[in-house]
Amino acid sequence: MTIHTELPQVAGQKPATVHPLWLRLTHWLNALAVLIMVTSGWQIYNASPLFDFDFPRSITLGGWLGGAIQWHFAGMWLFGFNGLFYLLMNIFTGRMKQKFWPLTPRGIFNDLRAALRGKLQHNDLRHYNMVQRAAYVFVMFDGIVLVLSGLVVWKSVQFPLLRELMGGFDTARYVHFLAMASLVGFVVLHLVMVALVPKTLIAMIRGR
């Protein structure tokens, strides 16, 4: 089980930075992009459903298909460039290796079991437990799948190789939908965890 104890703070010394400014900015920009893309995507989905249900109009964005597509494109550029910047910064600053590795199945299982028993510690927000690492690595991979499948849905003719790798246009639509559903699931779980550990929200706003 991954347990970290909080280091004592020296009197007069500022608390250690948990999240640098660039990370906080990309986090909130990504939250905005995801909100725009998911809600407009639901409106686009309603125009040609993949399954036997529609999303309520009250939780969609755009009002109609054309308006939803415009919102979706706006969110797409923000999501794409912001996500690329986030990935590059994580790689070149060394944060990717420092925060998300090592990552082992046994560690994930032990921390998940501790979390379900209410014994997983959150004293030091500078360190991620194995469950957090797995969730963040998963959502980064999911974001890449969203972008690639979205490119096939948007520009199927211009990306023939990518279309074939996705199994064709129709399959890419299903992949895109399932990747979106996975992202929404992550967001819901993320919000639950923030509600359980409110100081994580303060750290993402103030950096400490």
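Put a dot 7 Å past the Cα of L201, heading toward its Cβ, do the same for M89, and the two dots end up 2.2 nm apart.
Among 20-30, 176-186, the peptide with the highest mean count of other Cβ atoms within 10 Å heads the list, and the full ranking is 176-186, 20-30.
Helix 105-116 sits at what angle to the longest principal axis of the chain, using alpha carbons and giving 0 to 90 degrees rounded to 10? Helix 105-116 sits at roughly 80 degrees to that axis. Modelled this way, with points 7 Å down the Cα-to-C-beta line, the labels at F169 and W28 are 4.1 nm from one another. Between the listed residues Q98, V137, S48, the Cα displaced farthest toward the positive end of the dipole of the chain, a dipole computed from Cβ unit charges relative to the Cα centre, is found at Q98.
Each Lys and Arg adds +1 at its Cβ and each Asp and Glu adds -1 at its Cβ; summed about the Cα centre, the chain shows a dipole of about 820 debye.
Summing +1 for each Lys or Arg and -1 for each Asp or Glu among the other residues whose beta-carbon sits under 12 angstrom from that of S48 gives -1.
In the full protein context, the stretch 71-178 carries 61 Å² of accessible surface per residue, based on a 1.4 Å probe and ignoring ligands, DNA and RNA.
For the stretch 43-52, backbone phi angles converted through the Karplus equation (6.51, -1.76, 1.60; θ = phi - 60°) give residue-by-residue couplings of 5, 5, 4, 4, 6, 8, x, 8, 10, 8 Hz, Gly and Pro being listed as x. The angle separating the long axis of helix 169-196 from the principal Cα axis of greatest extent in the chain is about 30 degrees. For the stretch 87-104, backbone phi angles converted through the Karplus equation (6.51, -1.76, 1.60; θ = phi - 60°) give residue-by-residue couplings of 5, 5, 5, 5, 6, 7, 8, x, 5, 4, 6, 5, 8, 10, 10, x, 9, 10 Hz, Gly and Pro being listed as x. Computed from the alpha carbon positions, the gyration tensor of the stretch 110-207 leads to an equivalent ellipsoid with semi-axes of 35, 14, 11 Å, biggest first.
Multiplying the residue separation of Q121 and W154 by 0.36 nm and subtracting their alpha-carbon distance yields 7.5 nm. For the stretch 68-79, putting each phi into the Karplus relation 6.51 cos²θ - 1.76 cosθ + 1.60 with θ = phi - 60° gives couplings of 5, 5, 4, 5, 5, 5, 4, x, 4, 5, 5, 4 Hz, in residue order, rounded to whole numbers and with x for Gly and Pro. May I ask you to derive the FRET efficiency for L112 and L50 from their Cβ-Cβ distance with R0 = 30 Å, giving the value to the nearest 0.05? Plugging the Cβ-Cβ distance into 1/(1 + (r/R0)^6) gives 0.45. Ordering G185, L146, A172 by Cα displacement along the dipole of the stretch 92-208 toward the positive end leaves G185 in first place; charges were set at the Cβ atoms of Lys, Arg (+1) and Asp, Glu (-1).
The values are calculated or read from the model by the stated rules, or taken from the named source; none is laboratory data. All values reported here derive from a predicted model rather than from experimental measurement. All Cβ positions, even for glycine, are placed from backbone atoms using ideal geometry, and neighbour counts span all protein chains on display. Heads up: the accessible areas ignore ligands, DNA and RNA and are worked out on the full protein's heavy atoms, side chains in. Shrake-Rupley method; radii C 1.70, N 1.55, O 1.52, S 1.80 Å.
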